[in-house]
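Peer 1: The structure follows.
The values are calculated or read from the model by the stated rules, or taken from the named source; none is laboratory data. This structure is a prediction, so every number in the text was calculated from the model and none was measured. Here Cβ is always computed from backbone atoms with ideal geometry, including for glycine, and neighbour counts include all displayed protein chains. Ligands, DNA and RNA are stripped out before the accessible areas are found, and what is left, the full protein with its side chains, is counted by its heavy atoms. Shrake-Rupley method; radii C 1.70, N 1.55, O 1.52, S 1.80 Å.
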Amino acid sequence: MNNLNHLTPDPNFNWDQYEKGTTIDNSQREQEIARYDETLRNVKENEVITGRIIDILPRPPKAAREFIVDIGSKAPGHIPAAEFRYNPDYKVGDKVEVFVRRMENQDGRPELSHREARLERAWDRINEAEQKDEIVQGFIKARTKGGMLVDVFGVDAFLPGSQIDVRPIRDYDIFVEKTMEFKIVKLNQEQRNVVVSHKVLIEAELEQRKRELIGQLEKGQVLEGVVKNILPFGVFVDLGGIDGLIHITDLSWRRISSPDEVVQLDQKINVVILDFDEEKTRISLGLKQLTPNPWDAIAGNLKEGDVIKGKVEVVMDYGAFVEVAPGIEGLIHVSEMSWTQHLRSAQDFIKVGDEVEAVVLSIEPEERKLSLGMKQLRSDPWTDIEVRYPLNSIHTAKVRNFTNYGVFVELEEGVDGLIHISDLSWTQRVKHPSEFTEVGKEIEVMVLEIDKENRRLSLGHKQTEENPWDEFEKLFTVGSIHEGTVTSTGENKKPATVLLPYGVTAYTTPRHLTKENGQRLVEDEKAPFVILEFNKDNQRIFVSHARTWEEEKRSEQEKEEAKQATEKREISEKVASQKVEKATLGDLDALAELAESLDPTASEAQNTAKAESAE
């Protein structure tokens, strides 16, 4: 109480203002507000500014954790803690960048976003890095289709699988959650897509190292390298920062179908430099050149005419490659496999893996060419062809194939002959050989002509049988009539054909197919035909059906005309023999009967004569 007695009121205290709820007057209040407004930052919407974390609210029940950030406005902004999860070490007092969406939301607080601020700043940095061709750091977040997903300045960029390394990558997972250096190789501002590459950094470094190393290379130099990549055409070898190519033909002296028959991935091998291009930084390497050339060893030990054995390695249509020694192959052309002139595919004679015996036809060590033959191991069937197949001898042959003009047959391997289409049959007119025989069938032939120089035989089949035209000459005489069947009616200016007895084909014209009723015979119709012409030399017969009924009709007409002529002659003679002195009634009657027999219209004249006599 004593202390209270010593307190004295402030004489300047405004009790009226206190009663109204404030202790300052209006002028002072305006001054305070002006001083407070000066402390506020001039913040604009849709821009990135720096704020300070003034509090981190704990996670209340059913509510998200929030960071309270002061940006110098009338009230702080609230940002979900999820936007700061990339850096869980943020604490009160740390400065952070935020993006101002709105200066005041429905709660009267600014609406802020840390994630959008990072994204805006990231794109600014990405654009700058792309323009200046700078190297950027990126964190590989995960695998994705065709490559990897990389965090660059907070932006998700795409790293294609082909852009991770200069070597093919077999396991992408080893790069996940690694931080690596990249270059931005593609940027799409509208779609906000970023493509990065780590390979270009390696290539640039390798290119520099290549130029340094290639200046030290020499042809014939032997280097150690590591098999980097195996392709169907060859092998790429890493020589320590520079790659060289061993073509498949330089891997081994022997024929190989794939490089992996000789080398394997990541294998260390010695190679020799065959050639290089400093400008294009290309290096050609060889592996087989480190071993002796087998052609040098065989050149003096092999000569034409030698018989050697080998194994069939490759078979093509035109021939087969046979390995006669390690690294040495010879070609047996299909024409050297058999004496036959029907050259087919080499697969018809031999197959891969066969052990064969052959004769050396030619050898060119410098060109690495060796020509072999198999047919030379057997005698040439044409050597004594005229002894084994003399003229007019008869043999059995096998039909091989047809042409429009004849049939090719094989008497034995290497001996072929041709039967001309005209020598197939004495009687049948063959339009195409397939009408007469079939491929693969046997046929009797007679040797008609031998051309030993050109390896040709002219053969005939019909000559193995007697010529029936000697008998046909007696049977099909001109004027004789035989039954025949129409086989064609002669369209398109072609003659009509008729099949006569004994399988003989005869010819006629459409006019001679006319029947008595005016219609024409049709195919497969049977009718009598008269022989108009028989030609034994050309084996041709011409016939006519129309003549058969025309001749018969003409014969009947001639008989009728002959009969009438005879009757007239007899009447004339009888009339002339009678002596008429006087016309009597009885004479007139007799004369009337004769006249009526010649001409019925004469009876009227005779009746008139009778009447006049009676008067």
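Peer 1: Between beta-carbons, use under 14 Å as the cut-off and find the net charge around Ile419, counting Lys and Arg +1, Asp and Glu -1. Before the final figure, lay out each step's value.
Peer 2: On the way: positive: Lys398, Arg400, Lys441, Arg456, Lys462; negative: Glu410, Asp416, Asp423, Glu435, Glu438, Glu442, Glu444, Glu449, Glu465.
Here the count lands on -4.
Peer 1: Can you give me the Rg/Rh ratio for segment 192-290, using Cα atoms for both radii and the Kirkwood formula for Rh?
Peer 2: Values: Rg = 14.9 Å, Rh = 14.3 Å.
In segment 192-290, Rg relative to Rh is 1.04.
Peer 1: Sticking with this one: Run through segment 113-184 and list the GluC sites (Glu not before Pro) located in a DSSP loop whose Cβ has at most 13 other Cβ atoms within 10 Å.
Peer 2: Glu134, Glu177
Peer 1: Same structure again: What does the accessible area per residue of segment 327-428 come to in Å², with a 1.4 Å probe and no ligands, DNA or RNA counted?
Peer 2: 49 Å²
Peer 1: Using a 7 Å offset from the Cα along the Cα-to-Cβ direction at both Glu412 and Asp277, what is the distance between the two label points in nm, to one decimal?
Peer 2: Reported label-point gap for Glu412 and Asp277 is 6.0 nm.
Peer 1: A further question on this structure: Could you work out the relative contact order of segment 318-381, using alpha carbon pairs under 8 angstrom and six or more residues apart, expressed as a whole percent?
Peer 2: For segment 318-381, the relative contact order is 33 percent.
Peer 1: Mind giving me the nanometre distance, one decimal, between the label points for Asn46 and Ile174, set 7 Å out from Cα along Cα→Cβ?
Peer 2: Inter-label distance under the simple model: 4.9 nm.
Peer 1: Moving on. Counting other Cβ atoms within 10 Å of each Cβ, which trypsin sites (Lys or Arg not before Pro) in segment 150-196 have at most 16 and sit in a DSSP loop? Write out the running numbers ahead of the final one.
Peer 2: Working: sites: Arg170, Lys178, Lys183, Lys186, Arg192; in loops: Arg170, Lys178, Arg192.
Qualifying residues, ordered by number: Arg170, Lys178, Arg192.
Peer 1: Could I ask something else about it? Assuming R0 = 51 Å, can you tell me the calculated FRET efficiency for the pair Asp55 and Asp165, based on Cβ-Cβ distance, to the nearest 0.05? Show your work: numbers first, answer last.
Peer 2: Details: r = 47 Å, r/R0 = 0.93.
With a Förster radius of 51 Å, E is 0.60.
Peer 1: Related question: Glu212 to Ile135: extension gain in nm, 0.36 nm per residue of separation minus the Cα-Cα distance?
Peer 2: The span from Glu212 to Ile135 would gain 25.4 nm if fully extended.
Peer 1: Additional query: In whole percent, and with a 1.4 Å probe on the protein chains, what portion of the accessible area of segment 419-517 is carbon and sulfur?
Peer 2: Exposed carbon and sulfur together represent 46 percent of the surface.
Peer 1: Per 0.36 nm of contour for each residue apart, how much would the distance between Ser335 and Asp354 grow if the chain were fully extended, relative to their Cα-Cα spacing?
Peer 2: Result for the pair: 5.0 nm of gain on full extension.
Peer 1: Still on this model: Applying 1/(1 + (r/R0)^6) with R0 = 60 Å to the Cβ-Cβ distance of Ala82 and Gln289, what FRET efficiency is obtained, to the nearest 0.05?
Peer 2: Efficiency, from the Cβ-Cβ distance: 0.35.
Peer 1: Further question: Calculate what fraction, in whole %, of the accessible area of segment 137-260 sits on carbon and sulfur atoms when a 1.4 Å probe is rolled over the protein chains.
Peer 2: Accessible surface attributable to carbon and sulfur in segment 137-260 totals 48 percent.
Peer 1: Among the listed pairs Lys311/Lys369; Lys132/Lys178; Lys311/Lys375, which are separated by more than 22 Å between their Cα atoms?
Peer 2: As for pairs spanning more than 22 Å Cα to Cα, those are Lys132/Lys178.
Peer 1: While we're here: With a 10 Å radius around each residue's Cβ, average the other Cβ atoms per peptide and rank 323-329, 393-399, highest first. Please report the intermediate quantities before stating the final value.
Peer 2: On the way: 323-329: 17.9, 393-399: 15.4.
For the peptides 323-329, 393-399, the packing ranking is 323-329, 393-399.
Peer 1: A further question on this structure: If I model a spin label at Lys95 and Asn535 as a point 7 Å from the Cα along the Cα→Cβ vector, what separation in nanometres do I get?
Peer 2: So the label points at Lys95 and Asn535 sit 12.2 nm apart.
Peer 1: Suppose the chain between Thr477 and Ala565 were pulled fully straight at 0.36 nm per residue; how much longer would it get relative to their current alpha carbon spacing? List each step's numbers first, then the result.
Peer 2: On the way: separation 88, 0.36 × 88 = 31.68 nm, distance 3.38 nm.
The Thr477-Ala565 span can extend by a further 28.3 nm.
Peer 1: Now for a separate question. Please compute the alpha carbon radius of gyration of segment 375-524, then divide it by the globular-protein estimate 2.2 N^0.38 Å. Two decimals is fine.
Peer 2: Cα Rg divided by the expected 2.2 N^0.38 Å: 1.37.
Peer 1: Next question. For an R0 of 60 angstrom, estimate the FRET efficiency from the Cβ-Cβ distance between Thr464 and Arg255 and round to the nearest 0.05.
Peer 2: About 0.70, to the nearest 0.05.
Peer 1: Cβ under 10 Å from Leu285's Cβ, Leu285 left aside: what net charge do those residues give with Lys, Arg +1 and Asp, Glu -1?
Peer 2: -3
Peer 1: Starting from segment 336-391, pick out the trypsin sites (Lys or Arg not before Pro) whose DSSP state is loop and whose Cβ has at most 16 other Cβ atoms within 10 Å.
Peer 2: When the trypsin sites (Lys or Arg not before Pro) of segment 336-391 are filtered for loop state and at most 16 Cβ neighbours within 10 Å, Arg344, Lys351, Arg368, Arg378 remain.
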